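The values are calculated or read from the model by the stated rules, or taken from the named source; none is laboratory data. Just so you know, these numbers come straight off a predicted model, no measurement behind them. Positions of Cβ are backbone-derived with ideal geometry, glycine not excepted, and every protein chain shown enters the neighbour counts. With ligands, DNA and RNA removed, areas are computed over all heavy atoms of the protein, side chains included. Shrake-Rupley method; radii C 1.70, N 1.55, O 1.52, S 1.80 Å.
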Amino acid sequence: MDNLLITAAETLRKAALNEDAKDFILNNEILYKTLKKAANRYIGGENLDETIIKASEQNNAGLKCSIEFMGESTRTIPEANAATREFIRICEEIKNHNLKSTVSLDLSHIGLAISRDLCFDNLALICSEASKNNVDVIISAEGTERTDAIHEIYTDALKTYKNLGITLQAYLYRTGDDFKELIKKEGKIRIVKGAFETAKGLSIPRGPQLDEVYIDYVDQLLQDNHSCSIATHHHQIQQETKRLITKYNTDKSLYEFESLYGIQTAQLAALKEDGHPSKVYFVYGKEWYLYLCNRIAEHPLSLFTALNDIVSAG
Ligand SMILES: Cc1cc2nc3c(=O)[nH]c(=O)nc-3n(C[C@H](O)[C@H](O)[C@H](O)COP(=O)(O)OP(=O)(O)OC[C@H]3O[C@@H](n4cnc5c(N)ncnc54)[C@H](O)[C@@H]3O)c2cc1C
């Protein structure tokens, strides 16, 4: 049974990456509507307005939010600039609705795959608008072929924009060195396990070794009083982090627990109830297909939840 689920999930992940399959679904009204029923549990919506409503609800329940306009690997300058305008709109709307929310983004969505300068200029526009509105911006981690470029742009932009943070993937062996450099800088560090396939030998697979490495990064961040986000749904890691927070008497302004919208929500609610700063990460947009497939692939039992969502949404 386990093998069957894993095979199905892997197939889904491959299907998600297939551009023809994606276009087919996006252009087939019935398929699009059907699969969207399963995606709804994981996304803020197809547009910012829908997401603002869900984010307000989370704020009212005592949770902070992060909002991302979904997309990556933008191939043309007009698309990269359009995505940049949308991120600027998120900053404005966070202010207009008085939301407690940060903005998250993939640098390849705003031009990294086209040119470094275009990406840097677009990031500067977003950070500048965000800082006017007291909003923080966190850069996501992408595939390993982009890690160097992402860290370079982050380091440069941080010299001007103090409202900027970075995501580090605990599963990459290289993160040990990156972490040593980036913890010296002030920007917030969001620590995640890592979601992308990597070439052999570059990453630690899911399991006890990775969990240990993850907790070690958290330990160093808390010990150093470095602003950080503990971005995992792993219950044991969350519990161990709580113990470290008590040990170091960490100020609440310096850390937060962060979960993806729709995943292990009860755990995040319990952390919030315990008095820990907690945050829900929303993605929105029309490109939800890849996102849905990835969420199911990393937790194959969610296939059944997806089927149930499709059937019961009517
Ligand atoms: C706020 C946030 C930002 C992120 N940003 C990035 C990024 O920039 N780059 C990047 O590579 N990755 C990013 N990720 C994804 C991350 O790398 C992991 O792939 C993802 O969080 C799952 O790993 P985990 O830490 O929850 O641990 P896992 O070991 O994968 O899971 C631990 C437990 O969490 C639960 N769980 C995990 N996933 C699911 C699911 N889909 N459905 C239901 N339960 C689940 C299960 O109980 C599981 O046993 C982000 C994650 C979060 C929470």
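Only a single item in (1) more than 14 Å from the ligand (Cβ to nearest atom); (2) surrounded by 21 or more Cβ atoms within 10 Å (Cβ to Cβ) is not met by SER108, and it is number (1). Which ones in the stretch 229-269 are within 13 Å of the ligand (Cβ to nearest atom), open to solvent by less than 40 Å² (accessible area, probe 1.4 Å), over 14 Å from the mean Cα position of the chain (by Cα) and hydrophobic (A, V, I, L, M, F, W, C)? Residues satisfying the conditions are ILE237, LEU268. In this structure, ILE215 qualifies as within 12 Å of the ligand (Cβ to nearest atom), open to solvent by 10 Å² or more (accessible area, probe 1.4 Å), farther than 20 Å from GLU186 by Cβ and outside the structural domain of GLU10 (by TED's automatic domain parsing).
Within the stretch 94-127, how many residues turn out to be touching a helix residue (DSSP H, G or I) at 6+ places or on another chain (Cβ under 6 Å) and either outside the structural domain of TYR161 (by TED's automatic domain parsing) or charged (D, E, K, R) (or both)? Number of matching residues: 1. Just so you know, in the stretch 41-55 the residues that are in a helix (DSSP H, G or I) and within 16 Å of LEU260 (Cα to Cα) include one that is most open to solvent (accessible area, probe 1.4 Å), and it is LYS54.
Taking the options LYS180, LYS193, LYS188, LYS279, name whichever one is free of Cβ contacts under 8 Å to residues at least 12 places away in the same chain and either over 22 Å from ASP106 (Cα atoms) or within 16 Å of the ligand (Cβ to nearest atom) (or both).
Values: LYS193 fails: free of Cβ contacts under 8 Å to residues at least 12 places away in the same chain; LYS188 fails: free of Cβ contacts under 8 Å to residues at least 12 places away in the same chain; LYS279 fails: free of Cβ contacts under 8 Å to residues at least 12 places away in the same chain.
Only one candidate passes the filter, namely LYS180.
Note on the stretch 120-167: among residues that are over 28 Å from ASN98 (Cα atoms) and open to solvent by less than 20 Å² (accessible area, probe 1.4 Å), the one that is farthest from the ligand (Cβ to nearest atom) is ILE153.
For PRO205, the conditions (1) surrounded by 15 or more Cβ atoms within 10 Å (Cβ to Cβ); (2) of a type outside the set (Asp, Glu); (3) within 12 Å of the ligand (Cβ to nearest atom) all hold with the exception of (1).
Being surrounded by fewer than 24 Cβ atoms within 10 Å (Cβ to Cβ), modelled with pLDDT of 95 or more and either in the same structural domain as GLY275 (by TED's automatic domain parsing) or assigned to a loop (DSSP other than H, G, I, E, B) (or both) narrows it down to one residue among GLU72, GLU79; which is it?
From the options GLU72, GLU79, the qualifying one is GLU79.
Considering the stretch 295-304, and only residues there that are more than 13 Å from ASN3 (Cα to Cα) and near the ligand (Cβ under 8 Å from one of its atoms), the residue that is most open to solvent (accessible area, probe 1.4 Å) turns out to be GLU298. Sub-7 Å Cβ pairs linking a first residue in the stretch 49-60 that is touching a residue at least 40 places away in the same chain (Cβ under 8 Å) to a second residue that is of a type in the set (D, E, K, R) and open to solvent by 50 Å² or more (accessible area, probe 1.4 Å), at least 6 apart or interchain, are ASN59/LYS100, ordered by first then second residue.
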